[in-house]
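Student: Can you keep this structure in mind? I'll have questions shortly.
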Amino acid sequence: LTKDRYKVQRGKYASLTDKDVRVFEEIVGKTRILTDDADVEAYNVDWLRSVRGFSKCVLKPKTTEEVSAILKYCNERVLAVCPQGGNTGLAGGSNPVFDEVVISTSLMNNILEFDSLSGVLSCQAGCVLEQLETFLLEQGHMMPLDLGAKGSCQIGGNVSTNAGGLRLVRYGSLHGNVLGIEAVLANGEIVNCMSKMKKDNTGYHLKHLFIGSEGTLGFVTKVAIQCPVNPKSINVALLGLESYDKVLEILKTSRRDLGEILSSCEMMDLDALKVVEENLKLRIPIKECPFYILIETSGSNSNHDEEKLALFLENALDKKVVLDGTQASEPSRIKQIFELRERIAEALLMDGFLYTYDFSLKPVDFYSIVPALREHLKNLPNVLRVNGFGHFGDGNLHLNVTSKEYSKEILNTIEPFVYEWVSKVGGSVSAEHGIGFKKTGAVKFSKTPQAIKLMQQMKGVMDPNGILNPYKVLPL
Ligand code: FAD
């Protein structure tokens, strides 16, 4: 966690003065500004403990108008800022790199409106995903996205990273589910695109500029999102398989036999599941197998869903595609099974240091990078684990390496090896975690020079002084 790990120069931004702090106090009040090092510390470090910034000031606005006043002032002073939601991002985008002022959305947490006929929820950017899920369940609806970080991540952060998660296979990405966005531009102007209509072809779809741009084009303050009806029947199956060929077979048959009720299709290799057993003491309820698939079905008729799932499992067992399996429909058992998958990242981090990658790959290429990387790292004695798991139904692999502590040698052996591999097979070097600060050097493996140039031009138009989340997303 040292500054010299970064090969980046501080931009020509102003440095925070006492006068700036007084102006911020006028905007948000004295109680919603943090300047003590101890209070600011948690905002400077990421969830993975892999990056550290040196901000001296955190602001906690409650309204769009306050965000607007802060940005207008920062833009005029050319003070760099770093938007922060739940600080669960895995690409180092949510933390300052140098002394950027952190603008946290944690107090912008009001649910504004829910229309039970259209299923559209409007809320402020700082609502925690789980808080929204709890609210919606009472209305018979649900959020169209779910992730392991749901207890801390916020909807503004989800939108800004275009988070994917466990339900994307069924409900699609936030580019489809987010109907409206209100955002504040670098100069403080408020752009209200809070449409609540599913269809709205009135010119350029500006909301898409804010979805997935990781706080570099605007500060998201409100979101309107389409929320499906909560399914009446949910079933989960954890299956053990002997080879990756069988995993591919399950992908095919689950799509064919479960069709519209398939709502999650996750894959874990043995090494990834072992880590939750070893580090978190969670029990794996089926016998040890080289691969595991977690399938969730959600539907409106339990008889229909159970019949479909039973037939699918029967076929898989008869044809010896599956070595062992367990099924659950009670919420507590479902939670236990999902925990095995959702807590892998937390368990990996307990090894010490986690090098984590998030790739989009075709099913046929999905897993081959894991053994290839294992082989590539075999002469480095400090490597503890190399494993793979992920949102298999979406072709999204999380590739992980752990060591007791950070090692430059390990990092330099992993990169650019893995990026070149992914680029060669036409995959994406960031499926859902974004580019943030840590992956700016990898953008070129998935985007052409022309595309990168256009991205830079868009940044220039929307944030000419470059104050919004500098050193992030665009190649330096
Ligand atoms: P932060 O981490 O605070 O910020 C993320 C980025 O968005 C930063 O660049 C930040 O500057 C920007 N930002 C935040 N708020 C705003 C705003 N209001 N306006 C403009 N920019 C903003 N991700 C997935 O996609 N799928 C998963 O399944 C998944 N699982 C995870 C599991 C665990 C255990 C953990 C720790 C993380 C996981 N993530 C996953 C990554 C992370 O949770 C998501 O990226 C999440 O969307 C980040 O939300 P956040 O509120 O924590 O944002």
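Student: Can you list residue pairs whose Cβ atoms sit under 7 Å apart, with the first residue in the stretch 462-476 being under 19 Å from Tyr6 (Cα atoms) and the second being open to solvent by 40 Å² or more (accessible area, probe 1.4 Å) and of a type in the set (Lys, Arg)? Count only pairs 6 or more apart in sequence or on different chains.
Tutor: Listed by first residue and then by second, the contacts come to Pro475/Lys444.
Student: What do you reckon, is Phe338 more than 28 Å from Ile234 (Cα to Cα) and within 16 Å of the ligand (Cβ to nearest atom)?
Tutor: No: the conditions fail for Phe338.
Student: Can you go through Leu474, Leu399 and tell me which one is crowded, with 22+ Cβ neighbours inside 10 Å, of a type outside the set (Asp, Glu) and either under 23 Å from the mean Cα position of the chain (by Cα) or in a helix (DSSP H, G or I) (or both)?
Tutor: That would be Leu399, the only listed residue that is crowded, with 22+ Cβ neighbours inside 10 Å, of a type outside the set (Asp, Glu) and either under 23 Å from the mean Cα position of the chain (by Cα) or in a helix (DSSP H, G or I) (or both).
Student: OK, next. Against the definition (within 16 Å of the ligand (Cβ to nearest atom), in contact (Cβ under 8 Å) with a residue 12 or more places away in the chain and hydroxyl-bearing (Ser, Thr, Tyr)), how does Ser423 come out, yes or no?
Tutor: no
Student: For Val8, which of the numbered conditions (1) under 21 Å from Ala186 (Cβ atoms); (2) among the aliphatic types (A, V, I, L, M); (3) modelled with pLDDT of 95 or more; (4) out of contact with any helix residue (DSSP H, G or I) (no Cβ under 7 Å at 6 or more places or on another chain) fails to hold?
Tutor: Only one criterion is unmet by Val8, namely (3).
Student: In the stretch 203-319, which helices (runs of 4 or more DSSP H) lie fully inside it and hold 1 or more residues that are touching an Asp or Glu at 6+ places or on another chain (Cβ under 9 Å), among the β-branched types (Val, Ile, Thr) and closer than 30 Å to Val401 by Cβ?
Tutor: 270-280
Student: Just name the residue that is most open to solvent (accessible area, probe 1.4 Å) out of those in the stretch 87-113 that are closer than 23 Å to Tyr6 by Cα and more than 17 Å from the chain's Cα centre (by Cα).
Tutor: Asp99
Student: Looking only at the stretch 462-470, decide whether some residue is within 19 Å of the chain's Cα centre (by Cα) and either crowded, with 16+ Cβ neighbours inside 10 Å or β-branched (Val, Ile, Thr) (or both).
Tutor: The answer is yes, given that some residue of the stretch 462-470 is within 19 Å of the chain's Cα centre (by Cα) and either crowded, with 16+ Cβ neighbours inside 10 Å or β-branched (Val, Ile, Thr) (or both).
Student: Say whether the condition of being open to solvent by 70 Å² or more (accessible area, probe 1.4 Å) and either among the aliphatic types (A, V, I, L, M) or not in a helix (DSSP H, G or I) (or both) is met by at least one residue in the stretch 431-443.
Tutor: Scanning the stretch 431-443, I find no residue that is open to solvent by 70 Å² or more (accessible area, probe 1.4 Å) and either among the aliphatic types (A, V, I, L, M) or not in a helix (DSSP H, G or I) (or both), so the answer is no.
The values are calculated or read from the model by the stated rules, or taken from the named source; none is laboratory data. Keep in mind it's a predicted model, so treat the numbers as computed, not measured. Ideal geometry is used to build each Cβ from the backbone, glycine not excepted, and the neighbour counts take in all protein chains shown. What goes into the accessible areas is simple: the full protein's heavy atoms, side chains included, and nothing from ligands, DNA or RNA. Shrake-Rupley method; radii C 1.70, N 1.55, O 1.52, S 1.80 Å.
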